[in-house]
Structures are given as C-alpha cells and as structure tokens.
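Encoded as structure tokens, the structure appears first; notes follow it.
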There are 4 protein chains.
Amino acid sequence: MTVRVGVVGYRGYSGAELVRILGGHPGVEPVLLEHRADAGGHSGLLHPSGPATIACDPQIIKAEGIAVVFLATPPEVSMELTPELLALDCRVVDLSGAFRLRTVENYAAWYKAAHTQPELLAEAAYGLPEFCRERIPAARLVSNPGCYPTAANLALRPLIEAGVVDRAAGIVCDAKSGVSGAGRKASLTTSFCEVTGNFSAYSILKHRHVPEVLLTSGLEEREFSFTAHLIPVDRGILETIYFRAVGVHAAEDLLAIYERRYRDEPFVRLYRPGRVPDLHAVAHTNFCDIGVIFDAATGRAVGVSAIDNLVKGAAGQAVQNMNLMLGFAETEGLL
Amino acid sequence: MTVRVGVVGYRGYSGAELVRILGGHPGVEPVLLEHRADAGGHSGLLHPSGPATIACDPQIIKAEGIAVVFLATPPEVSMELTPELLALDCRVVDLSGAFRLRTVENYAAWYKAAHTQPELLAEAAYGLPEFCRERIPAARLVSNPGCYPTAANLALRPLIEAGVVDRAAGIVCDAKSGVSGAGRKASLTTSFCEVTGNFSAYSILKHRHVPEVLLTSGLEEREFSFTAHLIPVDRGILETIYFRAVGVHAAEDLLAIYERRYRDEPFVRLYRPGRVPDLHAVAHTNFCDIGVIFDAATGRAVGVSAIDNLVKGAAGQAVQNMNLMLGFAETEGLL
Amino acid sequence: MTVRVGVVGYRGYSGAELVRILGGHPGVEPVLLEHRADAGGHSGLLHPSGPATIACDPQIIKAEGIAVVFLATPPEVSMELTPELLALDCRVVDLSGAFRLRTVENYAAWYKAAHTQPELLAEAAYGLPEFCRERIPAARLVSNPGCYPTAANLALRPLIEAGVVDRAAGIVCDAKSGVSGAGRKASLTTSFCEVTGNFSAYSILKHRHVPEVLLTSGLEEREFSFTAHLIPVDRGILETIYFRAVGVHAAEDLLAIYERRYRDEPFVRLYRPGRVPDLHAVAHTNFCDIGVIFDAATGRAVGVSAIDNLVKGAAGQAVQNMNLMLGFAETEGLL
Amino acid sequence: MTVRVGVVGYRGYSGAELVRILGGHPGVEPVLLEHRADAGGHSGLLHPSGPATIACDPQIIKAEGIAVVFLATPPEVSMELTPELLALDCRVVDLSGAFRLRTVENYAAWYKAAHTQPELLAEAAYGLPEFCRERIPAARLVSNPGCYPTAANLALRPLIEAGVVDRAAGIVCDAKSGVSGAGRKASLTTSFCEVTGNFSAYSILKHRHVPEVLLTSGLEEREFSFTAHLIPVDRGILETIYFRAVGVHAAEDLLAIYERRYRDEPFVRLYRPGRVPDLHAVAHTNFCDIGVIFDAATGRAVGVSAIDNLVKGAAGQAVQNMNLMLGFAETEGLL
C-alpha cells in the first residue's frame, strides 16, 4: 500500500530531483502537479513513461488522495498554495524560503517582501532533522531548510553547543555553490558563457540564508560573516568555515565533539584529521560530509562542509522529512 | 590619423570581440554605438575606460565622422539599419545572416522570414576574403560569412575545384560549435545547467548556414549533409568532413591541393598528414586550421577544420574585411 | 540468499560505476578484488563503509565463494586473469576489448598486439543482449561490448536488417565521447586544462572499436567511416549517423522498423520524428536513446544514438549480462 | 634594435603565456631555451612558425646574446640554472618559488626542502612592482611573486599600512585558483574527470605561498588564515578576504585608501562600492581588480581580489618586471 505524494514545480532542478528520488522510494507513488506557472517542454520520447500528471487544483488533489505535497516553488507561490493545501488536509513540505524564519519582521528584512501568512510562519516546523527531529512527525507544514544553512549549521552547531568556538573573534563562512542553486530559468547571469571559466562572489554579507544560520546556530549577525560564490558546476555546495577554537588541543578534539553528536545520524559523515571532503564525495547523495583542520599553535581552525545542494540541500532532505512525517525509516529511498 | 569605426551590438559576444580586436588595431578608433534594443549592464569599475559611446543615430554617426559601421545585430535589425547607414555614406560590415544569400526566395526558404531589402541583398559583397577578395575593397556593404560556412568552405572548396571529391557519393559535414555561437541572451536552452555535461545535435539537415556552403562550394543540397551540435565550451567550431576522394593516392595529394591554393593566405594553416587541429589550436586567433586523413585502400577521406567562431567565424573576419575596405594590410590587428 | 560477485579494477571509472550499481542490486553482494596493479588511494572518511575488499587471488576468490567476476581491467590483464578464474569455475564478465573480436588476426590488426588466449576468444559470448541474448545465460565468459559499438549497433542493425540502408553510398558514424572513456589515470592528454574549452577528433577511420561494429552490423569496412571525438564532459556518448535510406518515405517508416525490433527491449528508447536525444537524456541510466531525421526529397537520413558510456556502454550492460547469466530479471538493479 | 630574451619551460602554462606575451612586445625577441627536462610534443602544423629554439646551454645562450632569461621551472631547476646564467651576465626573472623568501630557514619550513643558493636568496629582488619597484631596474635576479600572494598583497597592504585593519581579530583569505596553477603535467589529481563538476580545498593553513603574504603585508602567521581551493576552470584566481575595519565609516573610506595608493598604478583597478570583480573581468589581462564590501553597523569588511594566475600571477608580471629591468615603459606589451 503506497502513499500518493504530489510535486509542484517538478520541472525545476529540485523538483526533478524529488521526482527521481520518490520514484525509487518503495513506500510512495509520486504524482506531478501541473501548476499554471509551469513552462511547457516535453520529452521527445515516442513512448514517455513516468509518474502521472494532474492539475495542481485543490479539488483534484483531494480527489486523487494526495497525502503530502512538496512545493518546489518560489516563496510567493508557496505562500499562496500552502493554506489551500492544508485546508484540504494535505500535509506540505515546502522547499522555498517562505516558512524558514520565525517572524514577519525578520522575513521582511532579509527577503525584502511582505509575508502574507504569518500564522503559518509561526506554525511551520523547520525540517533539519539532525537538530529539529521532534516536531517533524506530527507537523502539517515542514519548511525544508536552505541549502547553504544546511551545510553551515551541521558543521557549526555541535561546536558552538560544546563551547569550543570563540564567538567574539568572529566566524567566517565562505560558501560556494553550483549553478542549479539559482533554479531552472532563462537568465543571462546563469547562461553558459557567463558562468563557464568564471567564478564570482555574490550577496556578500547579506544573503537571505544568513538568518537561518543565525536561528539554528545561535550566533549573532555581527559574529558571522557569510559570502556566497558561484562555482561553474551544476550541483554541490562546499563551505569553508574559519574560527578560533578554545579549550581544544588537536583536531581530534573537535572531531570527537562531532562524533558524539552525530553517532546515530545516518546522513552526516566525518573525515579523519587533516582530511576534508570535496563536491564529488557527496554528489547525488543525501550526505553532509565534514572535515576539520586545526593549528594548535595559534588556535586557528578551518572546517569544510560539503553537500549536494539538490539532495541534502533540497530534495533529499525533503524526502527525509517526508519519511519522518509518514513513519517510514528515515533513510528509506535515500541510500 | 586613425579612421573612426562604429560597433552596433557591442555587448554581444561577437560585438565585444570586435571591440577588443579593434582596440589593438593601430589604424582605427572604435566607437560604441548604443542601439535602442541594447540591454543595460555596466562594468563595476570605479574608473571605467575604453571606447567612447554614442547613440546609434544616423545624424550623430555622420557628425562623428564614422567611416565604417559593424553590425553585430540580428538580421532584422541589420536590414533596418543598413540602408540608413549607406544613405549617410557610411560603409557597413554586417555580421548577421541578412545579406549572405543572393535571392529573397532563398532567404525566405532558409530564414523563414521575408527579406525587406532585396536590392541590398543583390549588392552585398560576400566577405570570405580567401575566395571573394576582389569585390571587398570597393564594396559599400560587406556581408560577413557565417561561422559554420567559413570552416566548411575553406576546407571543401579547394578540393571540389580540384575535382577530387566524389560528389555523387555525398559529403557529410558534422559540425560542432561552442555556445557563444547562440549569442548573448537569457535562454533556458543555453543556460549553464542545461549545457554543462551535455552535448546535443540541432538543426539536423536544415541549418540556415547550409545555403551559404552551397553557394560558395558549388555543391547541391542533395550532395551535402550538415548537422550542427552544441559543445559545452564557450568558443570554437570544429567540423569533421567525410567524403570519397577520387584521383588521389595519399593524404599528401590532398594536402598539396590545399598548399597550392592557400600558399599566400595568412589565415589558413595546414596540418601534416595524419594530424588534425583541435579547438585549442585556434582559440582567440583568426586562423582556420585544416588537416586531412585518407584511407587509400577505400578512398575514404576525413577532413577536420577548426576556427574560433568569434574570430575567424565573426569579429576577426569582419576586421579582415575592414582592412581590405580601408586599404590596411589584411593582417593588421589580427596576428 | 544473495550471490557474491567480484569486481577487479574497482577504482577505475567503469569499475566504480559497477560497484555503485551492484550495491543497489537486491540479488548480489559485491566484493572488491584488489589486484596488484591497483594504485593506492583511500577515502578520507573517519568511518568508511562499503563492500568488503579481498585480494584478487584465485584461491581466496574460490574460498570466498565468488560466483561471477567482473574484469574492469586493460585487455592484457583480462587475458591473464580470465583463464585462472574460469579454471576455478568462476564465470567472467570482461569489460575490456580482450574478447570482443573473433579471430586472433582481427585482434592483432586492430589492437596492434598478440592475443594470448585464442580458445577463449573463440568461446566468449558477445554481451549485447539486444542482439545476442541466446548465448549469454549459459556462457562461462561474456565479453561486454565497447561503448562506441553499443550505440552504433543498436542504431544501425535494425535498419540494415530491414534493408533500408543504401550500403553502397556509405555510412558515416561521427562519434563523440566523454573523457571517462579514456580510463582513470594520470595523463597529460586527459588533464583538465588540455580538455576544458577544447574538442578534438582522434583515431580517425582506425579506432579499435570499428571491427566490433562491422561484426555486429554486417557492414564492410569500406562502407563504414567512423571518427571518435573527445567532448569536455565526464560521461556520455552521442553518435550522429549519416546514411541514404532506400524504400522509405518518411521518418515514421524508419521509426516503425525500430519499434518492431525494440518493442520488448527495456533499455532502448525511441524519439518522435524530428526529435533526437542528447547526453543528459541518458546520463546515469542504462538506456540507449535513438532518434532519426529523414529528408524525403533526397533520401538523406541522420540517426542520433546516445548512451552513458559508463552504464549502457560499460557497467550497466555488464550487470544486464550478469542478470541473464544468473537468472535475474534483465532489468534488476538497472531502472 | 630588439633585445633577445630566453624562456626556459616554454611548454608549461606559464612559459607558453610568456612566449605569447613576448611575441607581442615590440622591444624584445623571444627565444625558446630547450631544457633537458622538457617533455617532447610538437605542433601538427605543416609549416610551423614561431620563435627560434636553442639548447638551454650556458655557452650557447651567451653566444646567442640572450640578455634576460625567464625561468618557468620548478624551484630546484631554478636553483640550479640561476647561478650559471648570472655567471654569464645573463639577468634572470625566476617564476618559481626558489627566491621569494629571505632566509633558508623560512624556505625550509614552508617548502620542506633545503635551499642550495643562500646568497642568491639574499640577493634576489622581489618582483611585485607596486610595492618593490625601486630594486627591480638594477637587479640581476628578480623573483617573480607567487600568484596567490600577488592577489592577497595588493588587496591587503594598503589597508594595513593605513591602519584600518583590526589585526588582532584576524584576517581570513579564502583563495580559489584555476587548474593551470598546478602546472602542465600528467597527474590524476588534475585530470579532467576528477576536476570537472568538483571543487576542493587544499593546503589548508599551510600553503607555501603564506610566508610571501606575511613578508609583504607585515602580518603575523597567527593573524592570517589562508586556504587554497581548486576551481574547475583553466585560469584565474579570486580571493575573498574577511577582516574587521577600524576607523572607517563606509566602503568609500576603504576605497579612498586604495585610490590614493594605486592612483598611478596601471595594473590595479578598483570597483565601485558594493561591486566586486569576477574571473572573467581579469582573464587574459595583467590587471588585479579589487572591490570591497563594508557593513558599517558591525565593522565587518570583505574584499575581493581577482587576477589571471597566468598573467598578473606569473607571465604578465614577469614581463612587467622585465620592462623595468630593461628600461621599457612598464606597460609595454601588456595592455
């Protein structure tokens, strides 16, 4: 007996990845929900196969028995669709930034737009299972974390909780992402000739993912400097995180903190002292890989955190959340 | 005493390459002509330098003493601007496909659009200097060849003229181009994530550059099969050309034909028997490189022709034409 | 009850892909066989997981109960290991070119080396299931096809069998491959800076995969012109195949031939008239996708065939063969 | 009357770039010096052209009247060749790391090798013209700076001299380089399939370029955290530099410091407040582009510095030094 789950925005990169992952999940049957804003575009296959497509219409969704809907849509579309779906008793996993912060003021400050669903903002469960697993199983609305914050928080929070990060000295997170993070759309900025052979920084100190890191890690904005960069690759995020460590004598001490925290986490992998992950290590997987370098003479530490932005940074984590919501094993369909 | 020359479409890839080449040409001063259709976009430099910018307005162009205007614009814009410029006694080098064919019927058949300037179509000199050098110096309007036809015709015409190509057996030209050939614009098709890691065929047997090859090479359409492909690189064209050779005994015989024909051509380079060029060999140069393989036992021959689509396939060849029009050495600014 | 299967050469690109595919196959347990020629290199993971590793030693292999061994090794290593493994009653799927041809003379002519196992050359079953399915289930030794021939033969043979290809006019196969086809090794030719931004032709008319195409398609060498090219992508093969079609009136007629032939084949997909596949369509899949363009006025036809060289062109097809050998569903672990 | 200059290591990426730049320099004639360690490799051109090649032999170099020799060689080769060349009254511009530090102890600590020419280490002039211009004209031996330190020092030193960097809070330099920085050689690490689609950190906190930054900027090691990363591009370096600014109120204040310092420098370009360079801005140029972001509320500042590692980071800066040594205009051949 499989559960029917719907995907809005299935032509985007995160949405397509969701459809791929759900197609290999033994407990669910994915259904494509065609939203009015979708661009056309059909496979050239003579005999196309794949999930059924139905209109993204509340009555049809209800009639089709869709239990969970994934929204791989812009925030404004998510804000519009979510209340309609919840009213039908559909549960929602939203992959946009619409419900990741906690107050309309914070949302307005970072997203430069008014939030139209303040109650849902307050209600949404933040879907970073490694730190917020309790609220997810019963949640009507799970807000899937941003890609950059997922990699940053998994690397930072255990060390901050353990008190080994000198917050006064400031933490630098130099983040790099593949181009699929910008979504699937016509844009000169992400056109091939502008990106290939290039590398660029953007949203320096003011990326809208910053407040998500602050909320989860407990850091203050003045303590945390974040810059995003565009790598000429299609997928993957690597973050190089600089801080001063206090109360530790070796990289092994930092790793021991991670080991204790992540011993039972299936999707966090650690590296031996002196070793760090690269993008290939995590491509097409739901893992977050973490390594750390420490210079005992000066206290300087550098952590490196890597994820696939479309998997642990989007679709994979969304399925991880769905697994928790529907009572499946958390790793089902993801290993 | 330098000659002032204008560039319309200077923000496109061919236009920007033109500005770069003209900037290193000792005999001319480039001026940027701002056309109403130009997208915005300014350098972030605190103290920008570079050529002057003026409006692409006939009266201003005349007042500024612009002698030659390069049109790096779509065909419909070229058809609109060319008569205005010629009326002002400006000479024009058009980089679009507007004036490359000879009849409005042929234009309509391949470009799927009506030609609005039939007289200019008849008047334009085709700017492939290696084969059409005579008419260029005195021409008011030079039509710069397409990128694919430049590589194809330089490889094919000497052999066809020498009678060593078995036309009845058919010639196959399998052509591959970098993405800048599609122009600088927002488009999902040429976005980074769609192109990287990919390779695709397009306009199979019906690319609008085919008639240019037929006109210059003398081949009939039924004798010439052409397919274009998109390579995930920013610039460069490589064409692999298959034919049956008659009346020759070795690759050296084919090379001897090329050597005789191109002995005095500064921009065609030949390869030793068994060797062929790649894209790196011609990147950022105005050369067309040609090599040929021959299997004496069966008569099968394969030629490989490579150019930089933005240089010999566009801006460089346009400057080569300008040199002929203005009486400069043909290689000025191009070596 | 799973079957233990071994992989020699598991650090190469094809070998690693095999391990990945076998890891998701419910009926087998992969074991890594460490061969003396293997380069070192270990994951930096603190707690590595994955298949067990044992020495590639006949007695150990026997003791460990390995039923099938995949050889993702160079031909000379395959010629050395295969008789030892068969003597132990291990069955072998060889991914090298060692056993793809039928005579030592043909092998010597194309591989420029002596064949040391002529009896095994004669015995080996050619593992292209779509055309040679009968002999595979009972074979001791299956020779997995080359990547280029897989794409070429699947596109060509149905049409040749149907008699619609004008063989006298010659067939051109212009083939392009990603860089993983060259294997995983230190080499200036395949170093990043030499390949990125580049595109090159190699082995023009004399690639060692040509005789495999001739054997399966029935074509003569003089009728078939083949050139290989290197695309700056990691994986994927696209072949553009030119021929004259006889006895057909439309692309639909050619497609109907494919449809009849491939109706029950799970890994061949066809495209609607006018549509052709690209590399992204088949990346990370075991599909061979085929589309065809036809110009009725002249009889010229162009077929486009695409595979992932590491999957249908190597590891995926090897597992497809293993499924047939061990009695699993042919698609097990491959969809 | 041109000056003859020699290039050792002309087949490497920096050496080939040197040959290209010197070929366009009106005052010099480049000569290729064939060193015994050079790998073979010849162009396939039927009629190759280009600079003359002579053996890298002291007597021949003297007989040929070579005035300046560029060493685009590994440090150990530079240490061997330099004294021989100086003994012949040839002047040397060394592009390796052999002579960039000041003491054998420092060299041994960072290069993990003994220095065999301590006197030359003491004598060499450091070739960063923007800060060390005085000693270069009369120097026998100029040590061309490393690529990473060039970008770092040009961004950091004016601000440190002006006293606006809070050194106690620490400076982070997150540096990214294209693959040509690793040199031209066969290596699995820099092979196409390992690099494409990937991004990785290396030499975290212990890159051998660190001491060059410390020497020029005046920073202490404990104040400066540096990590190098590999970008999947062929050329270019971008460094993102984080620091706390003191005594300034706006990005304009930081820019004003740069403007005063670089007003007369032809190869440093500044960006407007809020804008920063990317790799495309500096590709194939000798410019170092710098932009800065400042958050007045918290004092956090981020500078971005970009160069082409093969030009301002190697061959271009070497020619800039040669221009100073030979009395040419500093920009000759470089604009």
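For C:GLY23, indicate whether it is farther than 23 Å from A:PRO266 by Cβ and either at pLDDT below 95 or surrounded by fewer than 22 Cβ atoms within 10 Å (Cβ to Cβ) (or both). Can you show your working first?
Working: farther than 23 Å from A:PRO266 by Cβ: no; either at pLDDT below 95 or surrounded by fewer than 22 Cβ atoms within 10 Å (Cβ to Cβ) (or both): yes.
Against the criterion (farther than 23 Å from A:PRO266 by Cβ and either at pLDDT below 95 or surrounded by fewer than 22 Cβ atoms within 10 Å (Cβ to Cβ) (or both)), C:GLY23 does not qualify.
Scanning the stretch B:295-313 for residues that are crowded, with 24+ Cβ neighbours inside 10 Å and not basic (Lys, Arg) yields B:ALA301, B:VAL302, B:GLY303, B:VAL304, B:SER305, B:ALA306, B:ILE307, B:ASP308, B:ASN309, B:LEU310, B:VAL311, B:GLY313. Residue count for the stretch C:126-162 under the criterion of being closer than 16 Å to C:LEU326 by Cα and among the β-branched types (Val, Ile, Thr): the result is 2. Condition check: more than 22 Å from D:VAL195 (Cα to Cα) and assigned to a strand (DSSP E or B). Does A:ARG244 satisfy that? Yes, satisfied.
Residue under question is A:ARG261, and the condition is that it be assigned to a strand (DSSP E or B) and either within 14 Å of chain C (Cβ to nearest Cβ) or at pLDDT 95 or above (or both); does it hold? Give the steps one after another, and end with the answer.
Details: assigned to a strand (DSSP E or B): no; either within 14 Å of chain C (Cβ to nearest Cβ) or at pLDDT 95 or above (or both): yes.
So A:ARG261 fails the test.
Among residues of the stretch D:127-145 that are of a type in the set (A, V, I, L, M, F, W, C), those with a beta-carbon under 9 Å from a residue that is part of a loop (DSSP other than H, G, I, E, B) and surrounded by fewer than 21 Cβ atoms within 10 Å (Cβ to Cβ) at least six positions away or on a different chain give the pairs D:VAL142/D:ARG135.
Could you please let me know if C:LEU238 is outside any strand (DSSP E or B) and touching a strand residue (DSSP E or B) at 6+ places or on another chain (Cβ under 8 Å)? Break it down into steps so the answer makes sense when it comes.
Numbers: outside any strand (DSSP E or B): no; touching a strand residue (DSSP E or B) at 6+ places or on another chain (Cβ under 8 Å): yes.
So C:LEU238 fails the test.
Which of the residues spanning the stretch D:274-307 are assigned to a loop (DSSP other than H, G, I, E, B), within 9 Å of another protein chain (Cβ to nearest Cβ) and either under 15 Å from B:LEU46 (Cα atoms) or not β-branched (Val, Ile, Thr) (or both)?
So the first thing to find is which residues in the stretch D:274-307 are assigned to a loop (DSSP other than H, G, I, E, B), and the list is D:274-278, D:283-287, D:296-299.
Then drop every residue that is not within 9 Å of another protein chain (Cβ to nearest Cβ), which leaves D:274-278, D:283-284, D:297-299.
D:GLY274, D:ARG275, D:VAL276, D:PRO277, D:ASP278, D:ALA283, D:HIS284, D:ALA297, D:GLY299 - these are the residues of the stretch D:274-307 that are assigned to a loop (DSSP other than H, G, I, E, B), within 9 Å of another protein chain (Cβ to nearest Cβ) and either under 15 Å from B:LEU46 (Cα atoms) or not β-branched (Val, Ile, Thr) (or both).
Checking B:ALA124 against (1) hydrophobic (A, V, I, L, M, F, W, C); (2) without any contact (Cβ under 8 Å) to a residue 40 or more places away in the chain; (3) over 17 Å from B:LEU95 (Cα atoms), only one condition comes out false. Which one? Among (1) hydrophobic (A, V, I, L, M, F, W, C); (2) without any contact (Cβ under 8 Å) to a residue 40 or more places away in the chain; (3) over 17 Å from B:LEU95 (Cα atoms), B:ALA124 violates only (3). Of the residues that sit in the stretch D:229-258 and are of a type in the set (D, E, K, R) and within 14 Å of chain A (Cβ to nearest Cβ), which one is surrounded by the fewest Cβ atoms within 10 Å (Cβ to Cβ)? Filtering the stretch D:229-258 for residues that are of a type in the set (D, E, K, R) and within 14 Å of chain A (Cβ to nearest Cβ), the one surrounded by the fewest Cβ atoms within 10 Å (Cβ to Cβ) comes out as D:ARG244. The listed residues are C:ARG135, C:ARG91, C:ARG167, C:ARG157, and the only one of them that is closer than 22 Å to C:LEU18 by Cα and of a type in the set (D, E, K, R) turns out to be C:ARG91. Only a single item in (1) within 30 Å of A:ALA114 (Cα to Cα); (2) in a helix (DSSP H, G or I) is not met by A:LEU22, and it is number (1).
Given the criterion at pLDDT 95 or above and touching a strand residue (DSSP E or B) at 6+ places or on another chain (Cβ under 6 Å), identify the matching residue among D:GLY9, D:GLY44, D:GLY15. Working first, answer last.
Numbers: D:GLY9 fails: touching a strand residue (DSSP E or B) at 6+ places or on another chain (Cβ under 6 Å); D:GLY44 fails: at pLDDT 95 or above.
Just one listed residue meets the conditions, D:GLY15.
All of A:ALA168, A:ALA162 fail the test of being surrounded by fewer than 19 Cβ atoms within 10 Å (Cβ to Cβ) and farther than 26 Å from A:ASN106 by Cβ, apart from A:ALA162.
Of all residues in the stretch B:175-210, count the ones that are more than 9 Å from chain C (Cβ to nearest Cβ), assigned to a loop (DSSP other than H, G, I, E, B) and at negative phi.
Kept after step one, since they are more than 9 Å from chain C (Cβ to nearest Cβ), are these residues of the stretch B:175-210: B:175, B:177, B:179-193, B:195, B:203, B:207-210.
Those still in the list that are assigned to a loop (DSSP other than H, G, I, E, B) too: B:183-190, B:203, B:207-209.
From the residues that got through so far, the ones that are at negative phi too are B:184-190, B:207-209.
Final tally of qualifying residues: 10.
Selection of first residues in the stretch B:322-335 that are at pLDDT 95 or above and hydroxyl-bearing (Ser, Thr, Tyr) and of second residues that are crowded, with 16+ Cβ neighbours inside 10 Å and not in a helix (DSSP H, G or I), restricted to Cβ pairs under 8 Å at least 6 apart or on distinct chains, gives the following pairs, ordered by first then second residue: B:THR331/B:PRO266; B:THR331/B:PHE267. Taking the stretch B:91-110 as the range and being free of Cβ contacts under 8 Å to residues at least 60 places away in the same chain and either surrounded by 15 or more Cβ atoms within 10 Å (Cβ to Cβ) or among the acidic types (Asp, Glu) (or both) as the test, the residues that pass are B:VAL92, B:ASP94, B:SER96, B:ALA98, B:PHE99, B:VAL104, B:GLU105, B:TYR107. Answer yes if at least one residue in the stretch D:211-228 is of a type in the set (Ser, Thr, Tyr) and more than 12 Å from chain A (Cβ to nearest Cβ), and no otherwise. Yes, because at least one residue in the stretch D:211-228 is of a type in the set (Ser, Thr, Tyr) and more than 12 Å from chain A (Cβ to nearest Cβ).
The values are calculated or read from the model by the stated rules, or taken from the named source; none is laboratory data. Keep in mind that this is a model prediction, so the values were computed, not measured. Cβ sites come from the backbone with ideal geometry, for glycine too, and all protein chains shown count toward neighbours.
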